[in-house]
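Visitor: One structure follows; several queries about it will come next.
The values are calculated or read from the model by the stated rules, or taken from the named source; none is laboratory data. Quantities reported herein were computed from a predicted structural model and do not represent experimental measurements. A quick note on method: Cβ atoms are made from the backbone with ideal geometry, for glycine too, and the neighbour counts reach across all protein chains shown.
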Amino acid sequence: MPQQNLTRRSRRWPLILIVLLVVGAGAWSALWHYGAGVAEQTIDGWKAREAAAGRVYTCASLAIGGFPFGLTVHCADAGAELKSNQPPLAVKTKDMRVSASVWQPTVLTTEFGSPFVVSEPGGASTIAANWRHAEAQLRGLPTSPESASIQVEGPVVARAAGGEAVFKAERFDLDGRIVSGTVEDHPVIEMVLKLAAATAPAWHQAAAIPVDADITAVLRGLADLSPRPWPARLRAFQAAGGRIEITKARVQQRDTLAVADGTLGLSPAGRLNGELRLTVANLEALLPALGLDRLLSQEQASPQLNETFNRLDRIMPGLGNMARRNAGPALVAGINVMGQPTQLEGRRAVILPLRFDDGLVSLGPLKIGVVPSLF
């Protein structure tokens, strides 16, 4: 008899397990759909609060999925009107997909579809960007993030749809994390920027040559990370004595290699102030890219330098032009002499100060150009 009872019980176990599995699956499904409903209500509430603050977010269609082990929110034809910004801006992207897994609920991953267009509300586009793939990741609670990152493959940014590209790269990566403080109370942020084959020909002729970069900086002086227009944020940053500490920067352009560290801030006019300690290998290739030939030409050279060349012509016709043609190599040699010789990754290099004086950029004794105001 006991043996028969054991046999019956052993036969019941598979049935019990199946029932438990069905009940568990039903409970999980109910819980997921409840969570999806809460997520939808949360999104609606967030959109209403943002609209009251002058930031209106729209979706042509909104779908929630990801069952059973995640939650995905897909927004088709995503758009935003930032009415609180001065001037007001409208942004639009093809679609946006936000997802989180049940295993890591505090990690939100967002994929963006291109094109991404910036314009004035109701006006023509002013900036248009395309890419092969773009993804952002936020760690921590949305109200109190710990870190954020964005990776973009093949970005191309133009001043308007179909216009000439002002920036493009094979890859653009930006990571940021709060190293002290909080989102609401004086956050100190470490940022890492990585670029592969990046160009920005509209900025400077030297930027038309592809660049690989790996830059780490620490941002100090922010009061908080509450939404506000960038000009207002940068003015507050400048007034608080904010600074950007470049702890590591490595930039390679063809055969020229440079590393730098130092501190930058903003002048009252919103231009860069500060100095970086720059170590350069193959400086001879860098200076022509910076426009050395134009700086020594008769049209671009300083009045004092032109007068020197003219005096040489008065002494002997043609001597001034000869000196002008040879001034470039002489200046390179002079800068090398004035710099501190060193080695950089096994190559001969020179250490020079890269100064920013209210936006005026100088490399050693050579004035390179002017950085425009940031606000």
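Visitor: Which members of the stretch 242-264 meet the condition of being of a type in the set (Gly, Ala, Ser) and touching a Lys or Arg at 6+ places or on another chain (Cβ under 9 Å)?
Guide: Hits for the stretch 242-264 are Gly242, Ala258, Ala260, Gly262.
Visitor: Right, here's the next one. Among the residues of the stretch 157-186, write down those that are farther than 30 Å from Ala240 by Cα and at pLDDT below 95.
Guide: Once the filter is applied, which keeps residues that are farther than 30 Å from Ala240 by Cα and at pLDDT below 95, the stretch 157-186 yields Val157, Ala158, Arg159, Ala160, Ala161, Gly162, Gly163, Glu164, Ala165, Val166, Phe167, Lys168.
Visitor: Which members of the stretch 116-145 meet the condition of being over 18 Å from the mean Cα position of the chain (by Cα) and under 20 Å from Val166 (Cα atoms)?
Guide: Ser119, Glu120, Ala124, Ser125, Thr126
Visitor: Looking at the stretch 70-82, I want the residues that are assigned to a strand (DSSP E or B) and have a partner that is of a type in the set (Asp, Glu) with Cβ atoms under 6 Å, at least 6 apart or on another chain. Which pairs are those?
Guide: Close Cβ pairs satisfying both conditions: Ala76/Asp95.
Visitor: Next up: Out of Ala260, Ala239, Ala196, which single residue is among the hydrophobic types (A, V, I, L, M, F, W, C) and in contact (Cβ under 8 Å) with a residue 60 or more places away in the chain?
Guide: Answer to the check: Ala260.
Visitor: Turning to a different aspect of this structure: For the stretch 57-105, name all the residues that are polar (S, T, N, Q), closer than 19 Å to Pro145 by Cβ and touching a strand residue (DSSP E or B) at 6+ places or on another chain (Cβ under 6 Å).
Guide: Ser99, Ser101, listed by residue number.
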